[in-house]
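Undergrad: To start, I am sharing the structure in question, which I have written as structure tokens.
The values are calculated or read from the model by the stated rules, or taken from the named source; none is laboratory data. What you are looking at is a predicted structure, and each value in this text was computed from that prediction instead of being measured. Here the Cβ positions follow ideal geometry from the backbone for every residue, glycine too, while neighbour counts run over all protein chains shown.
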Amino acid sequence: MTRRPVLILATLLAGCAQVTERVVLLPGPDGGTGALSVGTDRGETVLAAPYAMVEIKAGKPSAATSNAEQVRDRYGALLDAQPPQPRSFVLYFHFDRIDLTTDSEPVLARIKEALAAMPAAEVLIVGHTDTMGSEARNDRLALRRAEVVRAALIAVGIPPSAISVSGRGERDLAVETADGMPEPRNRRAEIKIR
Amino acid sequence: MRIRFRLLFLALASGLWAAHVPAAEPAGPAGMVKTLQGSVTVERAGQRIPASAGTPVLVGDRVRTGHDGSVGITLRDDTRLTAGPDSTLLITEFRYNPNTSEGSLLASLLKGTFSVITGLIAKRSPENVNFRTPTMTLGIRGTEFVVDVKGEAD
């Protein structure tokens with residue numbers, strides 16, 4: 001049930017005598033291809049193979065197939081202008097603390113590197129805890145974990161306005177456990193950058 | 001008495017609304033301009049705003065690129081919309097709940113060249129993601145479907 005991102009190219013060729021619109025389905029970043037329905041007032045076509053396309057000629061849709069070279073020639077500059085792919089990271093914390101585990105230190109360094117390469121980067125940080133302790137206490141701890149990551153990113157020059165933080169306490173466990181269970185994989189902050 | 005009735009009706013109506021519409025975050029930007037070349041403007045409420053990297057994109061915004069322009073926009077659900085030179089696109093509808101990935105997206109590709117990489121709404125509910133061109137309506141289909149290609153109708 002993995003759904004892959006669907007890549008679409010659409011061209012609207014005003015003034016062109018023949019083809020006035022074209023849509024091409026591209027293979028996704030992970031190599032898979034999604035599927036796309038193309039509806040017009042003359043019916044619906046489903047594109048499901050890489051480089052399958054529909055062209056509108058004299059108002060009529062016709063199905064055809066493009067290829068990687070053709071797409072590169074026609075739309076290379078467009079594809080190069082795409083924003084970078086958003087990325088997700090997880091940082092882990094010591095029990096009942098807001099300092100990172102040793103393993104997570106290099107991950108934090110990678111987040112900083114990735115952010116430095118992203119134009120107009122936005123960061124979403126969500127703190128979590130395991131089920132030890134009360135819910136109220138864990139809500140506070142989760143938020144403090146998110147805030148400590150935020151501070152580390154502000155320290156390397158990410159504007160505070162680009163960072164949003166929240167704490168989910170023990171309400172969003174990575175690993176389901178009974179209440180009152182220590183679980184290192186739940187003591188975490190999830191960081192999304194885009 | 002009449003006023004009280006009306007209030008009750010409103011409360012019921014908003015309850016129904018909440019039940020049928022997936023909860024979305026309070027209205028905020030749909031996305032942000034990330035990459036940009038040449039001249040790019042955002043038309044919002046009759047105003048023309050020159051865009052730059054970091055410019056928020058709202059529902060209802062018309063984004064235009066000039067002869068030398070291109071723009072890459074990342075929406076809050078990670079959808080990436082890129083427009084080449086001499087292009088116009090309109091963000092017609094965008095709702096997104098980051099906790100559930102529920103939402104909907106409709107963008108109108110009015111003129112030019114575009115590339116789209118779908119995001120989390122398309123993953124969660126592909127039927128809620130659509131793009132319109134002057135003659136086509138593009139809808140996302142999940143990869144797990146068996147596909148029946150009808151070809152040209154008529």
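Residue-wise test of (1) more than 7 Å from chain A (Cβ to nearest Cβ); (2) over 13 Å from A:SER37 (Cβ atoms); (3) at pLDDT 90 or above.
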{"position": "B:SER108", "(1), (2), (3)": "yes, yes, yes"}
{"position": "B:LYS111", "(1), (2), (3)": "no, yes, yes"}
{"position": "B:ILE121", "(1), (2), (3)": "yes, yes, yes"}
{"position": "B:GLU127", "(1), (2), (3)": "yes, no, yes"}
{"position": "B:ARG132", "(1), (2), (3)": "yes, no, yes"}
{"position": "B:THR137", "(1), (2), (3)": "no, no, yes"}
{"position": "B:ARG141", "(1), (2), (3)": "no, no, no"}
{"position": "B:GLU144", "(1), (2), (3)": "no, yes, no"}
{"position": "B:VAL149", "(1), (2), (3)": "no, no, no"}
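Undergrad: Moving on to the next point. With segment B:33-128 as the region, which strands (runs of 3 or more DSSP E) entirely inside it contain at least 1 residues that are more than 15 Å from the chain's Cα centre (by Cα)? Don't jump to the end; show me each part of the working.
TA: Working: elements: B:40-44, B:47-50, B:62-65, B:70-75, B:80-83, B:88-97, B:102-117.
Ranges flagged: B:40-44, B:47-50, B:62-65, B:70-75, B:102-117.
Undergrad: Just one of (1) more than 14 Å from every other protein chain (Cβ to nearest Cβ); (2) surrounded by 15 or more Cβ atoms within 10 Å (Cβ to Cβ) trips up B:GLY60, so point out which.
TA: That leaves (2) as the condition not met.
Undergrad: Would you point out the residue of segment A:146-194, among those that are closer than 18 Å to B:PRO98 by Cβ and touching a Phe, Trp or Tyr at 6+ places or on another chain (Cβ under 6 Å), that is nearest to the other protein chains (Cβ to nearest Cβ)?
TA: A:ILE191
Undergrad: Working carefully through the options A:ILE98, A:ILE111, find the one that is more than 30 Å from B:PRO56 (Cα to Cα) and assigned by TED's automatic domain parsing to the domain that holds A:ARG187.
TA: Values: A:ILE111 fails: more than 30 Å from B:PRO56 (Cα to Cα).
Criteria check complete, one pass: A:ILE98.
Undergrad: Among the residues of segment A:34-50, what is the count of those that are facing chain B (nearest Cβ under 7 Å) and in contact (Cβ under 8 Å) with a residue 24 or more places away in the chain?
TA: First pass over segment A:34-50, keeping only residues facing chain B (nearest Cβ under 7 Å): A:34-40, A:42-46, A:48.
Imposing the further condition that a residue be in contact (Cβ under 8 Å) with a residue 24 or more places away in the chain reduces the set to A:34-36.
Here the count works out to 3.
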